[in-house]
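Read the structure below first, then the notes.
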Amino acid sequence: MEFQLTEFQNKIQSSLSSIYLFYGEEDYLVSVALGAIENQVLTPEARDFNYDVFYGRETPVSQILDVSETLPMMSTNRLVVVKNVDKWKEEDWKIFENYIQDPLDSTVLVFLAKAVDRRKKIYKTLLSQAECLEFKKLYDNQVPQWISYMVNKMEVGIEKEAVTLLHQLVGNSLAELQSELTKLSQFIGGRKKISIKDIIEVVSKIKVQSVFDLSRAIGESDKAKALLCLSHLLAHGQNTVGILALVS
């Protein structure tokens, strides 16, 4: 996934497509890809005149088409982003049918969707005519690599067990991981490495744990999860002697 995104970022620096389709559940990756296009297409001074964002069926499709066919003002390109196109019906897509076959060279049109039905004619057309990228939710074994990647971009480090703990607390959402890592990088100040202790103090998305979770983590030699469970129990007033008795 990281390679796919890097390859895409490199590709748009050399050539832009007229139409893009980004689809999938991983909003963070979609936003990164869209940001790369924004930076490539728009200059700061021309942005206000040449950047339009529309949402699904909230705007008449004919109006979106008109904007897409409008020449840019004081710029080489215009950027049009249409979100939630998976909410469009067949008749909505028909309005765009001719444009997709013969788009305006100066417009970069980006369609965003959570999911696409590859059996439908319009998506078959888009997959053949447009530059398409799918951003799936990450598998568990992909998350540690992404945490390390994000931390590296922030120019800090992170302990190996802290990576595991952060994953357990936050889950597989890259947007939420990015948010928590940003808070952590600010929290550690001049230090250059994020620790388990930092994560326990900063990360807000703590799952409900019980002493049985703690016992299971100890039995599985999962130090990171055991520390999390213990921290949660103590924070909620559990007696240490009682915890030891139940664990034993």
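The values are calculated or read from the model by the stated rules, or taken from the named source; none is laboratory data. Quick caveat: nothing in here was measured; it's all calculated off a predicted structure. As a convention, Cβ positions derive from the backbone with ideal geometry for all residues, glycine included, and neighbour counts pool all protein chains shown. Only protein heavy atoms, including side chains, enter the accessible area calculation; ligands, DNA and RNA are left aside. Shrake-Rupley method; radii C 1.70, N 1.55, O 1.52, S 1.80 Å.
If you take the charge dipole of the chain about its Cα centre, with +1 on Lys and Arg Cβ and -1 on Asp and Glu Cβ, which of THR76, PHE54, THR240 is farthest toward its positive end?
Of the options given, the answer is THR240.
Would you work out the charge dipole size for the chain about its Cα centre, treating the Cβ of every Lys and Arg as +1 and the Cβ of every Asp and Glu as -1, and quote it to the nearest 20 debye? Mind dumping the intermediate values first?
Working: 28 positive and 33 negative charges, 157 e Å.
In total the dipole reaches around 760 debye.
Helix 27-41 against the longest principal axis of the chain: what's the angle in degrees, Cα atoms only, rounded to the nearest 10?
Once rounded, the angle reads 40 degrees.
Taking the Cα-to-Cβ direction at LEU127 and at ARG47 and moving 7 Å from each Cα, how far apart do the two end points lie in nm?
For LEU127 paired with ARG47, the spin-label model returns 3.5 nm.
Which values, in whole Å and largest first, are the semi-axes of the equivalent ellipsoid of the range 60-101 obtained as the square root of 5 times each eigenvalue of the Cα gyration tensor?
Details: eigenvalues 92, 25, 14 Å².
Square roots of five times the eigenvalues give 21, 11, 8 Å.
What accessible area per residue comes out for the range 1-124, rounded to a whole number of Å², with a 1.4 Å probe? Can you show the working numbers first?
Values: 6690 Å² over 124 residues.
Averaged over the residues of the range 1-124, the accessible area is 54 Å².
For a Förster distance of 45 Å, can you work out the FRET efficiency between the beta-carbons of GLU161 and SER106, rounded to the nearest 0.05?
On the way: r = 52 Å, r/R0 = 1.15.
Efficiency at R0 = 45 Å is approximately 0.30.
The range 99-173: which trypsin sites (Lys or Arg not before Pro) are DSSP loop and have at most 10 other beta-carbon atoms within 10 angstrom? Could you put the intermediate results ahead of the total?
Working: sites: LYS114, ARG118, ARG119, LYS120, LYS121, LYS124, LYS136, LYS137, LYS153, LYS160; in loops: LYS114, ARG118, ARG119, LYS120, LYS136, LYS137.
Here the trypsin sites (Lys or Arg not before Pro) that fit, given the DSSP loop and packing criteria, are ARG118, ARG119.
Among (1) 28, 19, 17; (2) 46, 20, 15; (3) 33, 21, 14, which one is semi-axes √(5λ) of the Cα gyration tensor in Å computed from these coordinates?
Matching entry in (1) 28, 19, 17; (2) 46, 20, 15; (3) 33, 21, 14: (2).
Among PRO103, VAL32, ASN141, pick out the residue whose Cα is farthest towards the positive end of the charge dipole of the chain, where Lys and Arg carry +1 and Asp and Glu carry -1 on C-beta, about the Cα centre.
ASN141
Given a cut-off of under 8 Å on Cα pairs at least six residues apart, what relative contact order in percent is computed for the range 26-104? Numbers along the way, then the final one.
Details: 66 pairs, mean separation 27.0, N = 79.
Once divided by the residue count of the range 26-104, the mean separation gives 34 percent.
Of LYS136/LYS197; LYS136/LYS192; LYS83/LYS114; LYS197/LYS223, which pairs sit farther than 21 Å apart, going by alpha carbon to alpha carbon?
LYS136/LYS197; LYS136/LYS192
Quick check for me: using +1 on Lys/Arg Cβ and -1 on Asp/Glu Cβ, what's the dipole size of the range 102-224 about its Cα centre, in debye to the nearest 20?
Values: 19 positive and 16 negative charges, 48 e Å.
Dipole about the Cα centre, nearest 20: 240 debye.
Suppose we keep just the alpha-carbon trace of the range 1-114; what are its Rg and Dmax in angstrom?
13.8, 37
Measuring from the lowest to the highest alpha carbon on each principal axis, how far does the range 72-158 reach, largest first, in angstroms?
51, 40, 20
What's the ranking of 83-89, 177-183, 59-65 by average number of surrounding C-beta atoms within 10 Å, highest first? Present the calculation step by step, with values, prior to reporting the outcome.
Values: 83-89: 16.6, 177-183: 18.3, 59-65: 14.7.
Sorting 83-89, 177-183, 59-65 by mean packing, highest first, produces 177-183, 83-89, 59-65.
Angle between the Cα long axis of helix 160-170 and the longest principal axis of the chain, 0 to 90 degrees, nearest 10?
Result, in degrees: 70.
So for the pair LYS223, LYS120, with labels modelled 7 Å out along Cα→Cβ, what separation do we get in nm?
Result: 5.1 nm between the two label points.
Zone of LYS87 (label point 7 Å along Cα→Cβ, backbone N under 19 Å): which residues in the range 114-152?
Counting backbone N atoms under 19 Å from the label point, the list is 114-117.
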